[in-house]
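A quick write-up on the structure given underneath.
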Amino acid sequence: MMQKDFSLKHLNTFGIDVCAAQFAVFTNVQVLKDCLLRAEYTPWILGGGSNILLVDDVQLCVLKNEITGIDILAENENELVIHVGAGVVWHDLVTWCISRNFGGIENLSLIPGTVGAAPIQNIGAYGTELAETLISLRAMRLLDGELIEFTTGDCEFGYRDSVFKGRLKGQHCILDIDLRLTKPPHAIEISYGAINDLIEKKGIHSPGIRDVYDTVIEIRRSKLPDPLQIGNAGSFFKNPTIDEIKFKALHAVFTDMPVFVTEENQYKIPAGWLIEQCGWKGRRIGNVGCYEKQALVIVNYGGASGREIYDHAMRVQDSVKERFDIVLQTEVNVV
Ligand code: EPU
């Protein structure tokens with residue numbers, strides 16, 4: 001049922017109280033088609049609302065994707081392919097895999113949001129990205145209802161990036177995805193410092209996917225705020241990359257600046273560190289602030305408007321630009 005002037009407060013993890021001109025939920029392709037026919041405004045697909053900042057009321061037809069279902073499409077003794085509806089909660093999918101001992105996405109535990117949102121920003125954490133397990137996805141082109149299949153190559157994945165965030169932004173609704181998972185023995189990825197350290201501390205010598213799952217959950221809970229308690233959308237900015245010349249110039253001044261050298265020989269600097277250096281970590285202005293345990297997460301302490309959060313983000317961006325001459329790019333979708 002199409003609703004008018006519908007509050008999105010409970011449908012975005014920042015908890016911003018703005019209205020959508022039109023709103024409906026769809027649970028299958030046919031309902032989505034009907035919604036598109038009845039849309040009086042530009043259609044805009046909503047998943048878990050965990051990577052968006054709604055600045056003002058939206059003059060859009062917001063359609064919430066609740067297509068569910070997890071099925072095994074094919075399997076042999078080493079691996080399997082699963083087919084997952086875009087409306088499934090991402091972490092529920094990870095838990096489903098762990099309970100069946102299927103490996104591949106355990107490092108991506110507890111990432112908020114839905115399966116359909118995962119390819120848009122190529123979700124990643126602790127040394128793994130969705131792009132490594134995704135085989136293909138199906139999407140509906142909103143303009144004409146055409147169903148299109150995208151292979152991993154077609155998705156043009158990058159660091160927190162895909163064709164759906166760039167060239168084809170806002171043009172498709174992701175309906176379902178296929179992932180390739182492994183059966184035991186699994187390849188375990190724990191080279192990311194924090195996981196390895198904690199697993200060792202727990203005295204686990206040959207960790208399995210459940211150990212990785214538990215550890216990632218523990219780490220995330222220890223430094224990322226729970227959106228149900230404090231409104232947030234995870235990392236607000238991407239970690240910026242700079243070239244060698246710029247890195248050397250900055251490193252001469254900021255000798256303790258952390259860095260990861262990428263495969264393209266670029267220098268990736270943690271945005272959280274840059275923001276902390278500018279004095280924002282744990283600093284609150286009105287209802288908004290940078291989280292005390294991870295400066296990259298902008299939080300709504302309650303009652304903040306989308307505009308207040310946006311203004312805070314711009315203040316943070318300005319101070320990083322001023323101090324380091326680095327322009328932070330938002331990771332969150334600002335609507
Ligand atoms: N750091 C600070 N101060 C801070 C935060 C971080 O100095 O307040 C420095 C520390 O040196 C730390 C380093 O930054 O070692 C990296 O921090 P962290 O491990 O928390 O990771 P991140 O680079 O800040 C990225 C992702 C997270 C993901 C983690 C773990 C981005 C933009 N963010 O954060 O993803 O969970 O790595 O893999 O790439 C998200 O996308 O919403 C998200 C939370």
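The values are calculated or read from the model by the stated rules, or taken from the named source; none is laboratory data. Here the structure is a predicted model, which is why all the values come from computation and not from measurement. Methodologically, a virtual Cβ is constructed for each residue, glycine included, from the backbone with ideal geometry; neighbour enumeration extends over all protein chains shown.
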Do you know which residues across the range 231-245 are farther than 19 Å from D318 by Cβ and surrounded by 14 or more Cβ atoms within 10 Å (Cβ to Cβ)? G231, N232, A233, G234, T241
Considering only the range 253-275, I want to know if a residue exists there that is closer than 20 Å to A233 by Cβ and part of a strand (DSSP E or B). no
Just checking, which of V261, V253, V320, V288 is more than 13 Å from the ligand (Cβ to nearest atom), touching a helix residue (DSSP H, G or I) at 6+ places or on another chain (Cβ under 8 Å) and without any contact (Cβ under 8 Å) to a residue 60 or more places away in the chain? V288
Condition check: touching a residue at least 24 places away in the same chain (Cβ under 8 Å) and polar (S, T, N, Q). Does T152 satisfy that? no
Restricting the search to the range 291-307, which residues are part of a strand (DSSP E or B) and within 12 Å of the ligand (Cβ to nearest atom)? V297, I298
Any idea how many residues of the range 116-138 are among the acidic types (D, E) and part of a loop (DSSP other than H, G, I, E, B)? 0
Would you confirm whether or not the range 72-80 contains a residue that is under 17 Å from D178 (Cα atoms), in contact (Cβ under 8 Å) with a residue 40 or more places away in the chain and surrounded by 17 or more Cβ atoms within 10 Å (Cβ to Cβ)? yes
Can you tell me which residues in the range 276-285 are within 13 Å of the ligand (Cβ to nearest atom) and part of a strand (DSSP E or B)? K281
Residues located in the range 108-136, provided they are among the polar types (S, T, N, Q), within 21 Å of D71 (Cα to Cα) and over 10 Å from the mean Cα position of the chain (by Cα): S109, T133, S136
When you scan the range 316-325, do you find a residue that is within 22 Å of the chain's Cα centre (by Cα), in a strand (DSSP E or B) and either modelled with pLDDT of 95 or more or surrounded by fewer than 19 Cβ atoms within 10 Å (Cβ to Cβ) (or both), even just one? no
Among L46, L36, which is the only one that is under 18 Å from F164 (Cβ atoms), away from the ligand (no atom under 16 Å from the Cβ), of a type in the set (A, V, I, L, M) and surrounded by fewer than 21 Cβ atoms within 10 Å (Cβ to Cβ)? L36
Is it the case, given these coordinates, that H312 is crowded, with 20+ Cβ neighbours inside 10 Å and either more than 10 Å from the ligand (Cβ to nearest atom) or closer than 26 Å to S162 by Cβ (or both)? yes
The strands (runs of 3 or more DSSP E) lying entirely within the range 139-244 that contain at least 1 residues which are closer than 30 Å to G303 by Cβ and more than 12 Å from the ligand (Cβ to nearest atom) are 231-235
